[in-house]
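Every number here is computed from the coordinates shown, using simple stated rules; none is lab data. Given the structure is predicted, the values throughout are model-derived calculations rather than measurements. Because the Cβ atoms are built from the backbone with ideal geometry, glycine has one as well, and the counts that use them run over all protein chains shown.
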Amino acid sequence: MVSKQDVQRELAKLLKTVNFDTTSEKQIRNRLCEQLGEDVLQYKEVIKQDIESYLDEAAISNRKADTPSPVKRKADTSSQQESKPAKAAKTEAKSEDASDASAEGAFPEDGIDLGNSKRVDVSDFRGNIFVSVREWYKKKDEDKLMPGQKGISLHAADQFSKIVDKAEDITKALADEDETYELQLSAKRKVTISKYTGKPTVNIREYYEKEGEQLPGKKGIMLTAQLWNKLTDHMKLITREVARQKKEA
């Protein structure tokens, strides 16, 4: 009888060769059945989760690769160090440009800044559109922003869309500090309400099972009421960007 580990090992090999533009999850399962037998079907949910995780990580890597590198400046002793007012003016101008872009309906190049280093980005990986909510950082000695590991990438069609549909319910649960609220996004992912330093927060997180109990994993993001409200304010813009990228995929 084939084991879960056997299935995951063969799936990992297979995913490196799959063309996601033309191959469905069902076709991947069928290919695993051809290799390992019909027992594979009992691990249908495991296969789904592993494909989801693979696409998630690939989307992050793809976004990092697409992030343009800053133009290296030639050394100039007369202007080697920029004055603080000049830096502040540039930062303010960049912020205004991003705000203007959002107001006009264009999606900002570096994603939507929610605050506290957290941003929302939309990316395409082999025709699969993801909405990523994560912390971004600046590389040492460089000016460009990069997506970090702290956060989560949500499949736009069947995960982020659920958050959009239930945004009002989530907002109400947050206001009511209802820690019993749960929105299931997939077998392993859900939205919950919990308290951090005494204040209610929205948690979008992936869970894992241990001894029959679901426990929160490392992959996820916690949003304060302020950050959640900013996310809901931009949901229409995010949804439009998802549709645009889907059309171009």
> Using mean Cβ contacts within 10 Å as the protection proxy, how do 128-138, 221-231, 161-171 order, highest first?
Replying inline: 128-138, 221-231, 161-171
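Name the shape class, rounded, prolate or oblate, that the alpha-carbon gyration tensor gives for segment 106-248, where a ≥ b ≥ c are the square roots of its eigenvalues, rounded holds for a/c under 1.5, and otherwise prolate holds if a/b is larger than b/c and oblate otherwise.
rounded
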> What nm distance separates the two modelled labels at residue 9 and residue 23, each placed 7 Å from Cα along Cα→Cβ?
Replying inline: 1.9 nm
> Just how large is the dipole of segment 106-248 about the Cα centre, in debye to the nearest 20, putting +1 at every Lys and Arg Cβ and -1 at every Asp and Glu Cβ?
Replying inline: 340 debye
>> Using only the alpha-carbon atoms, what does segment 4-59 span along each of its principal axes? Please give whole angstrom values in decreasing order.
In response: 30, 20, 16
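What pairs in 166/188; 144/172; 166/236 have C-alpha atoms more than 25 Å from each other?
Working: 166/188 18 Å; 144/172 37 Å; 166/236 14 Å.
Checking Cα-Cα distances, 144/172 exceed 25 Å.
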> With charges set only on the Cβ (+1 for Lys and Arg, -1 for Asp and Glu), what does the dipole of segment 4-59 come to about its Cα centre, in debye to the nearest 20?
Replying inline: 100 debye
> So how much slack lies between residue 196 and residue 247, counting 0.36 nm per residue of separation and subtracting their Cα-Cα distance, in nm?
Replying inline: 14.4 nm
>> Assuming 0.36 nm per residue, please report the length gained on full extension of the stretch residue 45 to residue 33 beyond their Cα-Cα distance.
In response: 2.9 nm
>> For residue 182, project a label point 7 Å along Cα to C-beta. Then give me every residue of segment 189-213 with its amide nitrogen under 17 Å of that point.
In response: 189-195, 202-213
>> List the pairs from 190/218; 118/150; 26/48; 139/246; 48/118 whose alpha-carbon separation is above 21 Å, in the order I gave them.
In response: 139/246; 48/118
> Between segment 3-37 and segment 152-212, what is the C-alpha centre distance in whole Å?
Replying inline: 30 Å
>> Suppose R0 equals 41 Å. What FRET efficiency, 1/(1 + (r/R0)^6) with r the Cβ-Cβ distance, do residue 211 and residue 175 give to the nearest 0.05?
In response: 0.75
